[in-house]
Structures are given as structure tokens and as C-alpha cells.
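No lab work stands behind these numbers, since they all come straight from the coordinates. No experiment lies behind these values; they were computed from the predicted model shown. Cβ: placed from backbone, ideal geometry, glycine included. Neighbour counts: every protein chain shown.
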């Protein structure tokens, strides 16, 4: 029987876009969310339909009427998805494997960008770069993207984001506006930090951490089970109830290391769990980026 991933890409594309239209102000587009792609173009009179946060109070005082800033949108922005397709991702205890969850998430984001007229490229990696496509626009690019991440054969081998980052730092087009790195990051340790720092220094980077509940805890089973390391293929017999506390402590410690590393490097990140839909969490993340960008802009004025 032919293997097939459990995907509902049209449904997830629609779910994300409908939710974003509800929770984000109408004139806050994703370029403002991502902090790039807007060029100041003067002032205009404020109307009730405008976003009050764009009011320039200094200009308002001088003109004795309420003015807001106008921006010109830069066109042809380039976004790149760097997606983990290692055998680590072919795992799950919920309705979706991690690879299925990531495929739906990345497709929904890809569609959001492409319908705004910009370009999307992608890099699929395991222990090396498996597939890569230059940023391009249009429905054909979306179809190619969906076709590649939907193919079961693409998933496998060990995960080595560290060496992939080293290669991308040398080869990725410097005109790329933003890079999404989407992985579970369960293999990330201190050896990643140098390459992450170099990469994020060249490209605005957003990390999306996708984990299954079993990445954090073991089931309460009072029986022996066999677990296998996906890289070394070493097998170990454990009793989940006995190993549960140690497993949870180590998993939490590793996850905290990942988050602290991203914070220290100035990399925005979003943590997602396969047990809940990504749309709401991603919408909240975008709203937080809006707040962050507004704060930076206000601080720069003064």
C-alpha cells in the first residue's frame, strides 16, 4: 500500500487566514508584523478607519490636526522556509505526526505570503540539504511547495541543522527578508550556537518549535517497552513509570536551553504542540511581533 501523509492543507490555509482577518487590524498587514518592507512616505489626515497607533503626535501638535504616518510597501520581499524533514519528524502520539503538522503550518504561511505578491523559497533538510528552491512567486510555487512537503519519501535520516546552517550562511541569497526555521530542535545543544549567531546576524530569523506531547513526557505505563535512538539505532528497555521523572526533567532542561539560546541571540520563536491547532497560537505570536515592532519604532524616535 502506498504511504500517504494525513494532510488537510486547504483547510489549514483557510483556518489561518480567517483567524488572522478577525484578530489583526485591517490595515496591519504581515509586512508590519514581520518588521520589514515598509518605507515612510509622509503624513495624512486621521480617519476612524485608520490604526490609532500610527498617529504621529509631534506632527499632530505642529499641524494642529491629527496626522498619521503613511508608508509605501516595498514589493518583491523574499521569505525562505528551512524545514526539518528528518526521521525525528516522523513521530507522533496525536492526530498528526510532527511532519504532518509542520507541512500544514508551513503551507498556510507560504500561501499567506504568496497571495500578498511576494516570494517564497524553501530548504528541506535532514543531515544535509535534501531539497531547495529559490524564492519565487505565484500559485505554481505554492503547488511545488505543497507537492514536496507532502511526499512521504522526503522524510528520513538523522537531523543535523547545525551543518545545514553553516552551509546556508555561505550560500543563501543575502536579499532574503526573513527565514523561518521549523523543527522540533530536540537535537540542539551548545554546538549550534556559533552557527545560529552567524546566521541570524545575516538574516532576520524566526524559529518555530514543534513538539509532540511525548517529546516532553512519557505515558504512565507500568510495563517495559523498547525505545530506539533514531540516529544510532541503539535500543533500550525501560519502564515509563520508573523513567518518567528523569525523562521529563531532561526534556524540560533541553527545551529551556533552546528558548534561552534564541532569546540571547535575538531570534523570535514560537513553541507549538501537535495536540492543538497552530492557527490561534500563530495569530497571538503575530500580534506580539506587532507590539514589539511598535515599541522599537517609538524608542528609535526618541
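Can you grab the distance from the C-alpha centre of segment 133-159 to the C-alpha centre of segment 241-287, Å, no decimals?
25
If contacts are Cα pairs under 8 angstrom and at least 6 residues apart, what is the relative contact order of segment 82-209 in percent?
Relative contact order comes out at 28 percent.
List 209, 290 from most exposed to least, where exposure is judged by having the fewest other Cβ atoms within 10 Å.
290, 209
Rounded to the nearest 0.05, what FRET efficiency do residue 174 and residue 264 give with R0 = 35 Å and r taken as the Cβ-Cβ distance? Could you check?
With R0 = 35 Å, the Cβ-Cβ based efficiency is 0.90.
For the residue pair residue 248 and residue 87, what label-to-label distance in nm results when each label sits 7 Å from Cα along the Cα-to-beta-carbon direction?
Placing both labels 7 Å beyond Cα along the Cβ direction yields 3.0 nm.
Contour minus end-to-end for residue 257 and residue 129, with contour as 0.36 nm per residue of separation and end-to-end as the Cα-Cα distance?
43.6 nm
Could you order peptides 175-184, 279-288 by the average number of other Cβ atoms within 10 Å of their residues, highest first?
The densest-packed peptide leads the list: 175-184, 279-288.
Multiplying the sequence separation of residue 52 and residue 197 by 0.36 nm and subtracting their Cα-Cα distance, what value in nm do you get?
48.6 nm
If neighbour count is taken as other Cβ atoms inside 10 Å, put 217, 274 in order from fewest to most.
Placing the least packed residue first, the sequence is 217, 274.
Using a simple spin-label model with points 7 Å from Cα along the Cα→Cβ vector, what separation in nm is obtained for residue 273 and residue 157?
3.3
What is the fewest-to-most order of 260, 204 by other Cβ atoms lying within 10 Å of their Cβ?
Fewest-to-most ranking of 260, 204: 260, 204.
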